[in-house]
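The next block holds one structure in the form of structure tokens; read it before the comments.
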């Protein structure tokens, strides 16, 4: 070995090890380190309840749907505070669950939402130095780890009868938000250090929807309603964009009403669009080996698209399409050619990526769910239901392979977070931490 290259190789190895360790110990955003629902960590326990393997339980002020993010010795959680009309960020000590600080943004104007979707339903995002939250009409806010506000962006009013749910994500120096649904809908990227706009795309236009809702795309042209009030209720995008790399190109992929679109994350340039999507886009798309799987909400359309295209790829890159599918809200996880995902009624499905065919389905204990699935590095998958029941199972395209069912008997619409061997579960009453 050339001795002059040895220090460089050592630094590369140390950098790789540090990155792997960070991914294992931290959960920096919605759906984990890469936004895929997967973590480099294993769970130190597969069984728990209100006493078994409980490390701590920290009471929360009121119900909320967001999922915590974890970095180092800190946990960050967005939290509505109805009495003071605040949209707040809570910072907890990871070891004890003790609250270290809370910072709120007061918002007194009326903002619609559904009773099952409280304000602050979007999860925060962190890079280890700051933490950023989108608080709906209250704006996009950045704090440092000590709770000092670094910047705030007023993005304007967000109005929809069911509220909002898309979480911010980070890409290099950008913080990206899927703003909507409602009268004002756009993708925006701001500088994560200053909050200044880098690019903005008014992506959810009537013209774009109409152009991609014809019979050549989804067979349901009559579903497109010219009545604006009806469309505002029965259309919209609540999902969080993902970053996929296809053929060496970064693609920012998001499910929009009646279509799936990919943008260049550094500029916002539209790369490709595929028609035939669901009017209600709840679940984030799932990427597997360059294939994007999009599952629609409330019996809307589902499909798979081969990434890497250009322009309208409906006829060239769409692999399969179901004009009317199940009611999907939570996001699934892809593994070895299959997507594992649970419908809102509590039926877990295994779908083949290449065809969309159902390989098996099985009802899980605990009833319906809004939650997304989390997978650990040993392959185990974790699904949380509305009743606080977590089903742990192994991915198996042949049959449902249950490992454990863990009951908390507290209602929740959040998802399981696993980092550094610890399991974090947010319910309407508390944040729980389980570990061996």
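Here are a few things to note about the model shown:
- Highest-fluctuation residue, 330, 421, 296 considered, GNM on the chain with Cα pairs under 10 Å: 421
- Listed peptides 363-371, 300-308 appear in the order 300-308, 363-371 once ranked by packing, highest mean of other Cβ atoms within 10 Å at the front.
- If R0 equals 56 Å, the separation of the Cβ atoms of residue 173 and residue 399 corresponds to a calculated FRET efficiency of about 0.75.
- Within a Gaussian network of the chain (alpha carbon springs, distance under 10 Å), most fluctuating of 169, 358, 75: 358
- Computed lengthening from residue 299 to residue 150, 0.36 nm per intervening residue step minus Cα-Cα distance: 49.4 nm
- Peptides 128-134, 90-96 ordered by packing proxy, namely the average of other Cβ atoms within 10 Å per residue, highest first: 128-134, 90-96.
- Its convex hull of Cα atoms gives the range 224-331 a direction-averaged projected area, equal to a quarter of the hull surface, of 6.6 nm².
- In plain terms, the chain from residue 354 to residue 127 could stretch by 78.3 nm, reckoned as 0.36 nm per residue minus the Cα-Cα distance.
- For the range 133-159 and the range 412-436, distance of Cα centres in Å: 25 Å
- Residue exposure sequence - 55, 115, 361 - by fewest surrounding Cβ within 10 Å: 115, 361, 55
- Label-point gap, in nm, between residue 363 and residue 378 - each point 7 angstrom along Cα→Cβ: 3.0 nm
- Residues 322, 269 in ascending order of nearby Cβ atoms (within 10 Å, fewest first): 269, 322.
- Summarising the label geometry, the points placed 7 Å from Cα in the beta-carbon direction at residue 409 and residue 98 lie 3.0 nm from one another.
- Packing, taken as the mean count of other beta carbons within 10 Å per residue, orders the peptides 277-283, 140-146, 48-54 from highest to lowest as 277-283, 140-146, 48-54.
- Ranked 192, 315, criterion: other C-beta atoms within 10 Å, fewest first: 315, 192
- Relative frequency of Cα-Cα separations exceeding 22 Å in the range 298-436, percent: 41 percent
- Bins of 10 Å from zero: percent of alpha-carbon pairs in the chain: 5, 22, 33, 27, 11, 2, 0, 0
- When the convex hull of its Cα atoms is projected in every direction, mean area for the range 66-202 (nm²): 7.9 nm²
- Only DSSP H runs of four or more residues enter the estimate; each adds -39500 (n - 2.57), and after division by the residues of the chain the mean residue ellipticity at 222 nm equals -2000 deg cm²/dmol.
- At q = 0.11, 0.13, 0.17 Å⁻¹, base-10 log of I(q)/I(0) for the range 19-109 (Debye sum, equal scatterers on each alpha carbon): -0.39, -0.53, -0.87
- Alpha carbon convex hull of the range 253-310, projected area averaged over orientations, nm²: 3.7 nm²
- Each of residue 106 and residue 157 was given a label point 7 Å from its Cα along the Cα-to-Cβ line. The distance between the two points is 2.1 nm.
Taken together, the values in this text are just the output of simple stated rules run on the coordinates, not laboratory data. Treat the numbers as computed from the prediction; the structure is a model and nothing was measured. When we count neighbours, we look across all protein chains shown, and the Cβ atoms used for this are built from the backbone with ideal geometry, even at glycine.
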